[in-house]
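What follows is one structure encoded as structure tokens, with my remarks underneath.
What follows is calculated from the coordinates using simple rules that are stated; it is not laboratory data. Since the model is a prediction, treat every value here as computed from it, not as a measurement. Glycine gets a Cβ as well: all are built from the backbone with ideal geometry, and neighbour counts include every protein chain shown.
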Amino acid sequence: MSGITLCVNIDHIATVRQARGVNFPDPLAGARICEENGAHGITVHLREDRRHIQDRDVIALREVVRGKLNLEMALSDDVIAVARRVLPDQITLVPEKREELTTEGGLDVKGHYERIREVTEMFKNDGVAVSLFIEPDEETVRLSKKAGADSIEIHTGRYCNLFDRDPSRGVSDEETNRELNRIYHAAGIAGEIGIGLNAGHGLTCGNLPPILEAPGLEELNIGFSIIARSIFIGLPAAVREVLAVVHGAASGGGAPCSC
Ligand code: PXP
């Protein structure tokens, strides 16, 4: 069985709640269901604009989550203050622009090197593991290690967009394979220099199998496709479906998937 772990990103349970300004659906209940159905942890993104997850959610999740609590966050002072109060198991530093729909690119580790190094050191001193969400780029992997990060999370968004492309856009398989090879290369460098390897963004049951082949992959962070799929088949089944792909690929079986 695969040693790759799955942290379910439950932001979009909160997106639905915030759309009505009511108290349901409750992300805490969602976290419990994900863990009861095999997820190894829960990921949330506390955005600067608090568009979905709220401070109170993160505080309460610390008590509820039994596996890993991974908090995605930008380098913003007020979010850092919440994170230091909660002390999740892991923080994942991400870039953030207010107007974006979701996290669009990886962290500019070179451009913000000193700040990233300082914040990484601070959280590590607090006993919190630090992961950096980066593009699959060799120099950025090496800089992440130099900055003291425990892990990198490879941004799979570009690969997923290419894999899931509308055929009318004329994107070739070569382009998709080139992006996949960038991911494999970055993964190889991570293994060589000794930094942990996570992956996430845009992953679905359909586009996941090639990502599982990345050498040394430890953790997946998957949100939107699981929450979207749960509308039709329920959250327990949606979590199990992804886990079946993770385990199926590892045993060479290729799990059935209807995403
Ligand atoms: N990893 C990071 C760093 C992210 O910012 C996100 C989106 O919040 C995800 C993983 C999950 O992406 P998706 O919701 O597309 O599965």
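Over every pair of different alpha-carbon atoms in segment 83-160, take the mean of 1/r and invert it; report that Kirkwood radius in Å.
Evaluated over segment 83-160, this radius sits at 12.9 Å.
Given an 8 Å cut-off on Cα distances and at least 6 residues of separation, report the relative contact order of segment 30-143 as a percent.
Relative contact order of segment 30-143: 22 percent.
Simple spin-label model, 7 Å along Cα-to-Cβ: Ala60 to Gln18 in nm?
Taking the two extended label points, one gets 1.5 nm.
For q = 0.07, 0.11, 0.16 Å⁻¹, what log10 I(q)/I(0) does the chain give under the Debye formula with an equal point scatterer on each alpha carbon and no solvent?
Log10 I(q)/I(0), no solvent term: -0.22, -0.56, -1.26.
Between Glu139 and Glu192, what is 0.36 nm times their sequence separation minus the Cα-Cα distance? Round to one decimal in nm.
Stretched out fully, the Glu139 to Glu192 stretch lengthens by 17.8 nm.
Cβ under 14 Å from Leu243's Cβ, Leu243 left aside: what net charge do those residues give with Lys, Arg +1 and Asp, Glu -1?
Working: positive: Arg229, Arg240; negative: Glu35, Glu36, Glu219, Glu241.
Residues near Leu243 contribute -2 overall.
On full extension of the chain, what length is gained from Ile233 through Lys124, given 0.36 nm per residue of separation minus the C-alpha to C-alpha distance?
In short, 35.3 nm is gained.
Can you tell me which of 27-36, 88-97 comes out highest on packing, and rank the rest after it, using the mean Cβ neighbours within 10 Å?
88-97, 27-36
Report the FRET efficiency, 1/(1 + (r/R0)^6), for Asp108 and Glu48, where r is their Cβ-Cβ distance and R0 is 22 Å, rounded to 0.05.
For Asp108 and Glu48, the calculated efficiency is 0.85.
Using a Gaussian network model of the chain whose springs link C-alpha atoms within less than 10 Å, name the residue from Val82, Val239, Val22 with the highest mean-square fluctuation.
Most flexible of the set in this elastic network: Val22.
Check which residues have an amide H placed less than 5 Å from Thr5's amide H, if you skip close sequence neighbours.
Residues meeting the amide H criterion: Glu219, Leu220.
Through the Karplus equation 6.51 cos²θ - 1.76 cosθ + 1.60, θ set to phi - 60°, convert the phi angles of segment 70-84 into ³J(HN,Hα) values in whole Hz; use x for Gly and Pro.
Ordered by residue, 3J(HN,Hα) equals 10, 9, 7, 7, 8, 7, 10, 4, 6, 6, 4, 4, 5, 4, 6 Hz.
Take His247, project a point 7 Å from its Cα along the Cβ direction, then tell me which residues of segment 193-237 have their backbone nitrogen under 14 Å from it.
237
Could you rank the peptides 207-218, 152-163 by their average count of other C-beta atoms within 10 Å per residue, with the highest value first?
My ranking of the peptides, most packed first, is 152-163, 207-218.
Residue-wise, which Karplus ³J(HN,Hα) couplings in Hz belong to segment 117-132, taking 6.51 cos²θ - 1.76 cosθ + 1.60, θ = phi - 60°, and x for glycine or proline?
4, 4, 5, 4, 4, 4, 5, 5, 5, 7, x, 9, 6, 10, 10, 10
Using 0.36 nm times the number of residues separating Ser2 and Lys146, minus their current alpha carbon distance, what extension gain do you get?
This chain segment gains 48.9 nm when fully extended.
Could you work out the relative contact order of the chain, using alpha carbon pairs under 8 angstrom and six or more residues apart, expressed as a whole percent? Could you put the intermediate results ahead of the total?
Numbers: 478 pairs, mean separation 49.7, N = 259.
Here the relative contact order equals 19 percent.
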